[in-house]
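Please read the structure below before turning to the comments.
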Amino acid sequence: ELVAEGHKALVFSQFTSLLAIVRDELDRRSIRYEYLDGQTTDRQRRVTRFQSDDSIPLFLISLRAGGQGLNLTAADYVFILDPWWNPAVESQAIDRAYRMGQTRHVFAYRLICRGTVEEKILELQRSKRELADAIITEDNSVLRNLTTEDLELLLS
């Protein structure tokens, strides 16, 4: 639907094997895309093509390879196919579309199935975020009340 409506999207996964499945389906449907993972040697060429070529609506990116140094403001949708235990990694990935020069609203989606490991990872992210926010925003009394479990969660 997004492709038909002229949108561009970033599609992130921590698993290159999952991205391979997506690639196979896109190839089957003759939908053009760019691809980036840790083995990609011509990163800038792929970024430039995605940014400038309207016939390439999708950019498939591994979370680790796409977390830093990319400006992908051509995208107005971001999909995280599977969560990473560290919410900062996902935030950095989503931020690839939120850069100087972005003129449109960007919609970010995390795909989570109930009762799965991914749902548990999402809960772990929430707990870590809440704990970090409490330490950063509250007075020092919070630091005195931290349990060993809180510290282990924060440092894991």
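Only the coordinates and a few stated rules stand behind these numbers; no lab work does. Just so it is clear, the model here is predicted, and its values are computed rather than measured. Counting neighbours? That spans all protein chains shown, and the Cβs are built from the backbone with ideal geometry, glycine included.
3J(HN,Hα) along the stretch 17-24: 5, 5, 4, 5, 5, 5, 4, 4 Hz, from the Karplus curve 6.51 cos²θ - 1.76 cosθ + 1.60 with θ = phi - 60°, whole Hz, x for Gly and Pro. Whole-Hz Karplus values for the stretch 114-126 come out as 5, x, 10, 4, 4, 5, 5, 5, 4, 5, 4, 4, 4 Hz, taken residue by residue from phi with 6.51 cos²θ - 1.76 cosθ + 1.60 and θ = phi - 60°; glycine and proline positions read x. Charge tally around residue 50: other residues with Cβ under 12 Å, Lys/Arg +1 each, Asp/Glu -1 each, net +4.
List the trypsin sites (Lys or Arg not before Pro) within the stretch 1-53 that fall in a DSSP loop (any state other than H, G, I, E or B) and whose Cβ has at most 12 other Cβ atoms within 10 Å.
In loop regions of the stretch 1-53 (DSSP not H, G, I, E or B), the sparsely surrounded trypsin sites (Lys or Arg not before Pro) are 29.
Using a cut-off of 13 Å between beta-carbons, work out the net charge of the residues near residue 62 (Lys and Arg +1, Asp and Glu -1, residue 62 not included). Neighbour charge sum, excluding residue 62 itself: +1.
The H on the amide N of residue 110, modeled in the peptide plane, is under 5 Å from the matching H of 80, each at least 5 residues off or on a different chain.
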